[in-house]
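Have a look at the structure below, then the notes.
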Amino acid sequence: MPVTREICLNLGGRPITVPIRRHRRARQITIHIDASLGGAKIIMPLYAALADAKAAVREHEDWLLDRLAKLPPRVSFADGAIIPFRGVDHRIRHVPGVRGVVECVDGEIRVFGRAEHLSRRVTDWLKSEAARAISPLCVGKAEKIGRRVRRVIVRSQRSRWGSCGANGHLSFNWRLILAPDSVLDYVVAHEVAHLLEMNHSPAFWRAVQRLTPHMERSREWLNGKGQQLYRYG
C-alpha cells in the first residue's frame, strides 16, 4: 500500500509543500502535477531517501514553478461563486433563514440555511445529482448489451472518472455532474462496455460506440478539460 508523507521547500521565493507517495512498484522518483491537489506530488520507491526527493524537486524547479503557475485557480463552493453544473455555468446563491435545502433555478444553485453549512450542502447536492443522473443511464445502457449492473457507486475519486469491477459494480466520480451531459454519457458508456469486455480491445471500443454517439468528442473533452473540474469545491 502507498505510504504518504510530504516535504516542504522554498522555491521561487515561496514555500511549496509536496506530498510524497511511496509505492512498492515505483522504480524511480517522479514528479506529477495533480489538479485534484491543486499542486504537485511525488511518487517514489519505498526505500528512496527524502533527500533524493528534495533534490529531484530542486532539479526541476523551473519546470515545476511554470506548471504550478498555469494551474487554474481553485473555486470554493461559496456564495456568489460560479461553477459548472451539467456543463453550464451556474451561480451559487445563499438564501439565509430558510430550511437547509438546495435547488437549481434560473441558472442559480440556491442553498438555503446557515452559511457555515453551504459548502457541504453544495457538495452533497452535487453528489446526489450525479447519482440521480448516472444510475438510470447505467441500467439502460447495460440492457442494450444484455448485461446487468449489480451496483452503481458515486464517490470522490482523485485519478479516475469511472471503473468497472469484475463483480459488476460500477463506480463513478461525482465531479462528472459538472461536465457536459455528453461527457457524462460517454463515461457511463465506457464503464458499461467493460461488462462485455474487461479490456480496451477493438471489440471494447466498438461496444462503447454502440452505447454513446459522443465517444470521440467526449474523450477529447476529458483529455483537454477534465482535470479542470478538480478546481471546484
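FYI, it's all coordinate maths here, none of it is from the lab. No experiment lies behind these values; they were computed from the predicted model shown. Reconstructed Cβ throughout: ideal geometry from the backbone, glycine too, with neighbour counts over all protein chains shown.
Points to keep in mind about this one:
- Anisotropy class of the chain from Cα gyration tensor, a/c 1.5 cut: oblate
- Using a Förster distance of 41 Å, the FRET efficiency for residue 104-residue 206 (Cβ separation, nearest 0.05): 0.65
- Rounded to 5, percent antiparallel among DSSP beta bridges of region 134-231: 40 percent
- Each Lys or Arg adds one and each Asp or Glu subtracts one; over the other residues with Cβ under 13 Å from the Cβ of residue 17, this totals +2.
- Calculated log₁₀ intensity ratio I(q)/I(0) where the Debye formula runs over C-alpha points of region 134-231, q = 0.12, 0.13, 0.14, 0.25 Å⁻¹: -0.33, -0.39, -0.45, -1.47
- Rounded to the nearest 20, the size of the Cβ-charge dipole of the chain about its Cα centre is 700 debye, with Lys and Arg at +1 and Asp and Glu at -1.
- Beta-bridge orientation, the chain: approximately 65 percent antiparallel, per DSSP, counting only bridges with both partners inside.
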